[in-house]
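Below is one structure, written out as structure tokens; comments come after it.
The values are calculated or read from the model by the stated rules, or taken from the named source; none is laboratory data. What you see is a predicted model; the values in this text were computed from it and never measured. Accessible surface areas use protein heavy atoms only, side chains included; no ligands, DNA or RNA. Shrake-Rupley method; radii C 1.70, N 1.55, O 1.52, S 1.80 Å.
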Amino acid sequence: MSGDLIPQPPEARMSDADRERVAGRLREAVGDGRLTLEEFEQRLNGVMEARTFGDAVPFVSDLPGAPVAGAVPEYAEIRTTASTLKRRGKWVVPRRLRASAKAGSVKLDFTDAIISHRVVEIELDVWAGSTTLILPAGSSVDLDGVELIASQSAVRGITTSPFPGEGLHFVVRGHQRAGRLVVRSQRHLGRMRW
């Protein structure tokens, strides 16, 4: 599990691991002398009973440190068969992402995504479908690890480099079979974005 944290909406449900991270902040505060043992016990009970991130905030709001947050997953896998797989808007991007599609397309829009690390690794396993990666402005991409089988690739408006630049860097590996791989920036026409 990654040590990176991302802000969570107050209504999002907490996991046991999230509660334990908040409890760690309370333990540190009692160790520093910021809380008495009685305060610590009361707050710890409240955190352990919290269902959402918003429920836990009052127990740590007067303590130093970042707001209550959840951990960014290290790895995630998304799949589809004979349909379209899309991610857009605000979604949490893990450090390593595997996208598998059979007879379907993959469209991953990273422009508004929550990305807490500079390098994102994407592994493709796409058969008979297209893949579109929409990267934020200032990003770079490395496609050297992609094997194209009866496929083609195109990069538009994004810097290609095996090394990270100033912005986010995406390292794409895997297989694109009988389809097309497109990496581009977001397009704008008035208020429309795609």
Exercise. Pick from LEU37, LEU148, LEU135: which residue has the top mean-square fluctuation in a GNM of the chain where Cα pairs under 10 Å get a spring?
Worked result: LEU37
For this session: Please give the per residue accessible area of the chain, computed with a probe of 1.4 Å over protein heavy atoms only, in Å².
Result: 55 Å²
Exercise. Per the helix-only calculation at 222 nm, which mean residue ellipticity applies to the chain, given -39500 (n - 2.57) for every DSSP H run of n ≥ 4 and division by its residues, nearest 500 deg cm²/dmol?
Worked result: -6000 deg cm²/dmol
Seminar exercise, completed: Inter-part gap, Cα centre of the stretch 134-172 to Cα centre of the stretch 20-68, in whole angstrom, is 42 Å
Seminar exercise, completed: Rounded to the nearest Å, the spacing of the alpha-carbon centers of the stretch 102-116 and the stretch 75-96 is 6 Å
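Return the carbon/sulfur percentage of the accessible area of the chain, one whole number, probe 1.4 Å, all protein chains in place.
The nonpolar share, carbon plus sulfur, comes to 51 percent.
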For this session: Please give the helix 37-49 orientation as an angle from the longest Cα principal axis of the chain, in degrees from 0 to 90, rounded to the nearest 10.
Result: 40 degrees
Exercise. Which angle between 0 and 90 degrees, to the nearest 10, do you get for helix 16-31 versus the longest principal axis of the chain when only C-alpha atoms count?
Worked result: 40 degrees
Exercise. When we measure straight from the Cα of LYS90, which aspartates and glutamates land under 12 angstrom away, once same-chain ones fewer than 8 places off are left out?
Worked result: ASP109, ASP112
Exercise. How would you classify the stretch 95-176 from its alpha-carbon gyration tensor, with a ≥ b ≥ c the square roots of the eigenvalues: rounded for a/c under 1.5, else prolate if a/b is greater than b/c, otherwise oblate?
Worked result: prolate
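Take the Cα atoms of the chain, build their convex hull, and give its volume per residue in Å³.
Hull volume normalised by residue count: 142 Å³.
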